[in-house]
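Let me begin by presenting the structure, written as structure tokens, before commenting on it.
Please treat every number below as a calculation from the coordinates, not as lab data. Bear in mind the structure is a predicted one, so any value in this text is a computation, not a measurement. So basically every Cβ, Gly included, is an ideal-geometry build from the backbone, and we count neighbours across all protein chains shown.
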Amino acid sequence: MKMAQSSEVPAPIADDIGPHAPEGAHAVPRRILLTVYFALLVFTAITWAVSRVDLGQGNIWIALGVAFIKATIVALYFMHLRWDSPFNGIVLIAAFFFVALFIGISLLDTRTYRPNLKPTPDSVISP
Amino acid sequence: MSSASQTDLPLAAPHGDHAHGDHAHGDHDPHLAHHFDTPEQQMTSAKLGMWVFLGTEVLMFGGLFCAYSINRHNHPEVFAFAAESYLNVFWGTLNTLILISSSLTMAWGVRAAQLNQKRLLVVCLILTLLGAAGFMVIKSIEYTAKWDEHVWVGKWNQYNADYKGSEPEAPGPALNAPPTPVMTPAASPATPSDANAGQDVSMIKPRYGGPSGLAAPTAHPNESIRESSLNERVRVERYRSLSDSEQWHVSAFFSCYFLMTGLHGLHVLIGMGVITWLLIRAIKGEFSAEYFTPVDLVGLYWHLVDIIWIFLYPLLYLIH
């Protein structure tokens with residue numbers, strides 16, 4: 001099966017799925033599975049390599065960016081989202097969105113109060 | 001496609017969740033529950049339900065990621081110290097590769113089920129199961145090493161304020177010892193009684209944990225499997241360079257580490273359970289191009305476990 005480069009969802013090809021498969025079922029072509037696997041390995045290597053270089057604040061953002069790319073291709077191809085009902089994808093995106101909101105606002109909060117924080121008093125530290 | 005076109009399914013005994021009892025189903029697809037019109041509707045409903053569940057999983061892990069973010073944001077040096085001192089990048093990377101590979105075999109298994117390749121499905125499920133088992137083996141090697149290095153959870157963590165000292169049989173100096181002068185030759189492993197001696201007379205506030213003294217080379221008899229690449233002297237120096245309140249936060253890293261990898265590991269174990277269940281059913285030949293929804297859903301779950309690890313790997317192992 002030829003993967004179209006366009007963003008259009010390719011229709012399931014007849015010989016790719018069983019004759020009696022439920023409509024909407026779509027067997028991911030071998031080539032795509034292997035390509036995604038290879039891409040995941042490459043991105044893992046990239047994450048590891050970048051972590052060996054000190055980029056200051058850049059490290060965490062690159063690491064997160066690469067992780068997001070890896071998660072996206074896993075979701076799109078291994079998890080069929082590319083061929084699925086968009087609603088399933090929306091559920092996942094919504095969950096990630098709310099986690100991002102949760103973490104983002106919590107970080108904003110802790111940043112706001114950070115200047116007021118006092119070092120942990122010895123009375124707490126010492127038994 | 002109508003369910004009527006599926007009367008000639010080459011399926012063995014009907015099974016599943018709806019009662020087959022004695023009332024005749026006629027031309028009914030044995031896998032189609034009564035409250036669904038078509039197999040497609042049933043499958044898409046099941047998938048949506050699975051996705052909603054996966055969404056709640058993401059939210060559950062989100063809480064831990066939030067705790068991680070705040071702790072790391074406020075104490076970046078602490079996280080760098082703890083991760084570089086105690087986490088082994090090799091094991092983490094190897095586990096990443098294993099989990100990605102098992103995701104591939106799982107995806108391939110779904111494909112095999114959809115294409116009616118029943119033997120290939122069994123092979124794929126076995127490979128996936130092996131990957132999961134390999135992951136857990138490595139995880140247990142790592143956890144064991146953490147135990148040996150006294151950086152477990154709670155009071156079993158030498159950096160914790162409540163650290164209760166090492167187990168009697170554990171080798172090495174009592175890391176919670178009161179502030180023995182740093183240069184004291186502590187080479188002889190301190191006994192637990194040493195650790196308690198003088199606690200009530202010292203005017204200097206007790207050291208609540210952390211590598212103490214420079215005697216640590218004796219602390220880890222199995223030095224060859226020591227987790228970190230930092231040698232003990234560098235580790236102690238870095239620890240001393242942290243401020244008091246930062247030193248107090250080192251155990252927070254381990255709380256994050258064990259909660260996140262522990263919950264993830266629990267998911268891997270559950271995954272192994274459901275994949276085994278799939279494997280048994282696949283060996284019985286219960287899945288086919290007409291009916292593969294359980295394979296599909298377990299696949300989705302397994303890929304989510306993979307995605308979570310994809311985030312855990314750089315966040316825990318690649319800090320510096």
Test item: B:74-80 mean partner chain Cβ contacts at 10 Å: 1
Count, for each residue of B:45-57, the Cβ atoms from other chains sitting within 10 Å of its Cβ, then give me the mean as a whole number. 4
Have a look at the stretch A:28-125 and give its Rg and Dmax from the Cα atoms, expressed in angstrom. 19.3, 63
Whole-Hz ³J(HN,Hα) from phi, Karplus 6.51 cos²θ - 1.76 cosθ + 1.60, for the stretch A:51-65, glycine and proline x: 5, 7, 9, 8, 10, x, 5, x, 4, 5, 6, 5, 4, 5, x
Over 27 Å (Cα to Cα) - which of B:Lys47/B:Lys118; A:Lys70/B:Lys47; A:Lys70/B:Lys155 fall in this group: A:Lys70/B:Lys155
Fewest to most Cβ atoms within 10 Å: B:Thr38, B:Thr56 sort as B:Thr56, B:Thr38
Would you please put A:81-87, A:65-71 in order of how densely packed they are, using the mean number of other Cβ atoms within 10 angstrom per residue and starting with the highest? A:65-71, A:81-87
So who's got an amide H within less than 5 Å of the one on B:Val151, skipping anything under 5 residues away but keeping other chains? H placed 1.01 Å off N, in plane. B:Gln158
Quantify how strongly other chains surround peptide A:76-84 by giving the mean number of their Cβ atoms within 10 Å of each of its Cβ atoms. 5
